[in-house]
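In what follows, a structure is listed as structure tokens, so that the remarks can point back to it.
The values are calculated or read from the model by the stated rules, or taken from the named source; none is laboratory data. Predicted model, so just to flag it, every value in this text is computed and none were measured. For neighbour counting, all protein chains shown are included, and Cβ atoms are generated from backbone atoms with ideal geometry for every residue, glycine included. Areas reflect the complete protein model, heavy atoms only, side chains present, ligands, DNA and RNA absent. Shrake-Rupley method; radii C 1.70, N 1.55, O 1.52, S 1.80 Å.
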Amino acid sequence: MIKDSNIKLEGFNYSPYQIIQKKRDGKELTKGEIEWFINSYTSGDIPDYQMAALLMAIYLKDMSVEETKFLTDAMLYSGQVLNFNDQKVIDKHSTGGVGDKTSFILGPIAASCGVKVPMIAGRGLGHTGGTVDKIECIENFNTSLSLDQLQHNLDQTNIVLIGQTKDIAPADKKIYALRDVTATVESIPLITASIMSKKLAEGTSGIVMDIKTGSGAFMKNLKEARALAKSIRNTALRFNKNIITMLTDMNQPLGNAVGNSLEIIECIETLKGKGPKDLTHLSVSLAGGMIYLAGLSKTLETGIKMAKNSISNGKALAKFRELIISQGGSGDYIDDYTKFPVASNIMEIKAPQSGYLNQMDGIGIGLSLVDLGGGRKKSTDKIDFAVGIIVHKKLGDKVTKDHSLASLYYHDHQQEIAQAICHKYQNEYVVIKSTKPKQMTPLIMETKINWSK
Ligand code: URA
């Protein structure tokens, strides 16, 4: 293990201490320094504590466009970079939010319409849940396939869902887990490099990006979200990838379910055509973007129509069943929700007064799930799939005193923590006023389509 000794790489002397110190003091790192640090961390030569220190320095001092480019490239080439040379290979990624579960809906929709979707996703990050954690509530679902298996499944079913591996984006696998527990998530260079190292390694010809903004997102306002969208867009175009960026609202949980099993059940309901309106709308819009980028529709609007049809004709649901079976799970989960681990205690969180729901604290709700064990506080924590929250009242809804705002799913031994969450939800996470909120933010605020050529 390296502590502070100088390490030689390609004739240069580098010191982890000096690189951390340089960034801490707000100076620009060179390509060599960034590459060396990332490679040495990925290989295990630099320990977690030094990487954590560098991440915090980047979080606090930011990175230039050039540094972000070097970081993204170093993380991308830490593993293999696939290239399918196929216009139909398209993926979507989200910057993360509370109750954000669209991948399980739009992936099967797009795949059932002929798009090839090699989805490399992440685990929970900060107050947001992770796609890989969520799908693992289905027993035996294997999220670490080999590259040969990935290719085989993509050929057979048009869709694969895996996490970062030792072969693809290994640097992000380690750095992502560290950021999750060191409060170093909300950084444009770190998010750009994390997302794009995974997405570029997948060998897609195009990417649909869902950039979230609001109280439950990492980017709290439109200005920050636009800056992140620009950084991601520029990276995609530098690699000749077509890209659609949608800026979407995250001032409240997406859909109603927050928590691993509960979210997958809600996705199955959505694929059956019985999902919440906001979740359905966003999922078909993003899927429509994937269909359009794949060249399977003439316009984005036609792509969205095709996406809606694949729900109504049952093809998207059949594709989700195929995905589960192809990665080792049982298709019975689609028909029998009792197979999902769901906590048996339910506490109703009652409205403390009558009025209209004017504000929701997405981070507070997301962190409540972490408190219940549905997310990690340290990287070795095991996820509890069974706990969660079903939100009954959303922004602009009329609420009546003592009627339920949300239901909390928890275990016998969690009585005290459930009470504490209930209290915070009533007094901190929601604001109830006597008048309706003046203006509701549209779910999809901006859409930009960029073709690389
Ligand atoms: N999703 C990722 O993959 N990485 C981030 O940093 C944020 C969201």
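Data for the structure
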read-out: Sorted peptide list for 212-220, 401-409, 420-428, criterion being average Cβ within 10 angstrom, highest first; value: 212-220, 401-409, 420-428
read-out: Amide H within-cut-off set for G124, under 5 Å, with H built and near neighbours excluded; value: G130, D133
read-out: At q = 0.10, 0.11 Å⁻¹, base-10 log of I(q)/I(0) for the chain (Debye sum, equal scatterers on each alpha carbon); value: -0.70, -0.85
read-out: Tail fraction, Cα-Cα pairs, segment 7-61, threshold 13 Å, whole percent; value: 55 percent
read-out: Computed Rg/Rh of segment 369-453, alpha carbon atoms with Kirkwood Rh; value: 1.12
read-out: Largest-first principal axis extents, alpha carbons of segment 346-394, Å; value: 43, 21, 14
read-out: 16 Å Cα-Cα reach of K433 towards lysines, excluding residues that sit fewer than 8 places from it in its own chain; value: K350, K393, K394, K398, K401
read-out: Whole-Å distance, taken between Cα centres, linking segment 234-268 and segment 373-436; value: 22 Å
read-out: Charged-residue dipole, Cβ positions (Lys, Arg, Asp, Glu), segment 7-61 about Cα centre, Debye nearest 20; value: 220 debye
read-out: Tensor-based shape of segment 149-204 (alpha-carbon gyration tensor, a/c under 1.5 rounded, otherwise prolate or oblate); value: prolate
read-out: In range of the label at W451: residues from segment 282-311 whose backbone nitrogen is under 14 Å from the point 7 Å along Cα→Cβ; value: 292-300
read-out: Percent RCO, i.e. relative contact order, over the chain, from Cα pairs under 8 Å lying at least 6 residues apart; value: 18 percent
read-out: Built amide H within the under 5 Å cut-off of A406, gap 5+; value: I349, H392
read-out: Burial order of peptide ranges 157-163, 393-399 (average beta-carbon count within 10 Å, highest first); value: 157-163, 393-399
read-out: Carbon plus sulfur fraction of accessible area for segment 265-387, probe 1.4 Å, in percent; value: 52 percent
read-out: N240 paired with L443, simple spin-label distance in nm, labels 7 Å along Cα-to-beta-carbon; value: 3.6 nm
read-out: Neighbourhood net charge (12 Å Cβ-Cβ; Lys/Arg +1, Asp/Glu -1) for S78; value: 0
read-out: Under 12 Å, Cβ to Cβ, from G214 - net charge with Lys/Arg +1 and Asp/Glu -1; value: -2
